[in-house]
Amino acid sequence: MKKYTYTEKKDTRSGFGAGLLEAGKKNSNVVALCADLVGSLKMNDFIKEFPERFIQTGIAEANMMGIAAGMTIGGKIPYTGTFANFSTGRVYDQIRQSIAYSGKNVKICASHAGLTLGEDGATHQILEDIGLMKMLPGMTVINTCDYNQTKAATIAIADYEGPVYLRFGRPVIPVFTDPDQKFEIGKAWMVNEGTDVSIFATGHLVWKAIEAGEKLAEMGINAEIINIHTIKPLDEEAVLKSAAKTGCVVTAEEHNRLGGLGDSIAQVLATHLPTPQEYVAVNDSFGESGTPDQLMKKYGLEADNIVEAVQKVMKRKA
């Protein structure tokens, strides 16, 4: 098992803030909009540098999406910012009709995704957003794993023509990816090559998969770990190549098991290479109030849960 270490922990939303500033410096067409959550989205540095390129829409998320769609007609590249729940569930009609249907070049940037929003509870958490967004024709869906990858993705999507959903979070987590990385949309990242089982992880669960891989190595199990940061378009070639090598698959995500990464992987496997698969995800339920650590443990999103899923799926190997 390849060793990954870290010297600091940061929240992925801060990676977004840093990336937004850099994207703004690189491209004068980059503009930002926020629905009254500037501090939570870490957009202050962009606003300080480019006050004339920022619009505070207030708590009017639907209006924000409409404004963003309109700005693209004039060649602007709008980044919208609010919590993931309000970036998707609250404004799904506006995204579908005004952005996705006509392929508008809007970057929908969503913080505080999944359970790890924590104490704000189920009304502010969302575990359905990946499913909602990946079903929209033409929508790119990205879910990054740490500060550096989030920063790199935020910069990269400015150069991509078309609507993007960029999902990130609130809690501080290990920073373990290259600070100078080039983010490639639709290209999976090989975290650790292995031969016994394929673990496809996304977002905060990538670090959990690394921890699980270390535990599995002590048990004599050589896990292949792949970071699926782009859920749509999915890197089907990487998925099929890995599954063909290992013969069994575990998917890990901070999302409902229905409609997320696991379902995307299952669809590819069912079509091209039927393979035993186990899910590590929230089992079709809403969240609740609690600390991020408490919630990750209660809903089965820890490294030990990945280990258990690996042990279970390996028994199903042909």
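Here are some notes:
- With Cα atoms, 0 to 90° folded angle of helix 261-272 axis to the chain main axis: 60
- With R₀ fixed at 30 Å, the C-beta to C-beta distance from ALA244 to GLU308 puts the FRET efficiency at about 0.80.
- Efficiency of FRET between MET190 and ASN63 - r from beta-carbon atoms, R0 51 angstrom, step 0.05: 0.75
- In segment 129-225, GluC sites (Glu not before Pro) in a DSSP loop with at most 16 other beta-carbon atoms within 10 Å: GLU161, GLU184, GLU193
- Size of electric dipole in segment 189-314: Cβ of Lys, Arg +1 and of Asp, Glu -1, about Cα centre, debye, nearest 20: 160
- Cα-only radius of gyration and Dmax that characterise segment 42-91, units Å: 11.3, 31
- Total formal charge among the other residues, if their Cβ is under 14 angstrom from that of LYS25, Lys/Arg +1 and Asp/Glu -1: 0
- Point-charge dipole on Cβ atoms (K/R +1, D/E -1) for segment 49-126, about Cα centre, debye to 20: 340
- Stretch gain in nm, segment ASP93-LYS297, where the contour uses 0.36 nm per residue and the Cα spacing is subtracted: 70.1 nm
- With at most 11 neighbouring Cβ atoms within 10 Å, loop trypsin sites (Lys or Arg not before Pro) (DSSP) excluded, longest segment of the chain: 4-181
- Environment charge at PHE168 (Cβ cut-off 15 Å; Lys +1, Arg +1, Asp -1, Glu -1): +3
- Between GLU119 and MET135, the distance separating the two model label sites (each 7 Å from Cα on the Cα→Cβ line) works out to 3.4 nm.
- Simple label model, 7 Å out from Cα along Cβ direction - GLU52 to ASN27, nm: 2.0
- Net charge in the neighbourhood of SER111 (other residues with Cβ under 10 Å of its Cβ; Lys, Arg +1, Asp, Glu -1) is +3.
- The modelled label-to-label distance for the pair LEU273/GLU237, using points 7 Å beyond Cα in the direction of Cβ, is 1.3 nm.
- Each of ILE130, GLY81, ILE99 was placed along the dipole of segment 75-138 (beta-carbon charges, centred on the mean Cα), and the one lying farthest toward the positive end is ILE99.
- Theoretical gain in end-to-end length, GLU161 to PHE286 [0.36 nm per residue, Cα-Cα removed]: 41.6 nm
Computed from the coordinates by the stated procedures, all read-outs in this text should not be read as laboratory data. In this text the structure is predicted, and so the values were computed from the model without any measurement. With ideal geometry, Cβ positions are generated from the backbone for all residues, glycine too; neighbour counts draw on all protein chains shown.
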